[in-house]
Amino acid sequence: MYYMNGDTAIGTDTYKKVYNLYHGSVPYPPMQMNIQYTGGTYSFAYRDDSLNRKVYMVSSGQTTEKLWYDFNLNVGDTLRDSTS
């Protein structure tokens, strides 16, 4: 289970931090529970560039962002590989 907690600045951009709460096969809590999450392992951060309709992510331990989602794409469009 992932949850967001806090912000981080990388360069001039602000990112939302995302944590991984569980590792392995730990059961999820019932959905009707109101749980305040703490702890977990920092996994990645993301930022929403709403002006350009894109979402970027930065993996844990990295400072280079990658395009995570482009809301400008249409069916049949091609997006270059961001893993390289």
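The values are calculated or read from the model by the stated rules, or taken from the named source; none is laboratory data. All values derive from a computational prediction rather than experimental measurement. Reconstructed Cβ throughout: ideal geometry from the backbone, glycine too, with neighbour counts over all protein chains shown. Ligands, DNA and RNA are stripped out before the accessible areas are found, and what is left, the full protein with its side chains, is counted by its heavy atoms. Shrake-Rupley method; radii C 1.70, N 1.55, O 1.52, S 1.80 Å.
Taking each residue of segment 65-84 that is of a type outside the set (Gly, Ala, Ser) and looking for partners that are outside any strand (DSSP E or B) and at pLDDT 85 or above with beta-carbon atoms closer than 6 Å, six or more apart or interchain, yields Phe71/Arg53; Asn72/Arg53.
Kindly indicate whether any position in segment 8-20 is surrounded by 11 or more Cβ atoms within 10 Å (Cβ to Cβ), modelled with pLDDT of 90 or more and acidic (Asp, Glu). Checked segment 8-20: at least one residue is surrounded by 11 or more Cβ atoms within 10 Å (Cβ to Cβ), modelled with pLDDT of 90 or more and acidic (Asp, Glu).
Across segment 49-64, the number of residues qualifying as under 19 Å from Gly6 (Cβ atoms) and either open to solvent by less than 80 Å² (accessible area, probe 1.4 Å) or free of Cβ contacts under 8 Å to residues at least 24 places away in the same chain (or both) comes to 8.
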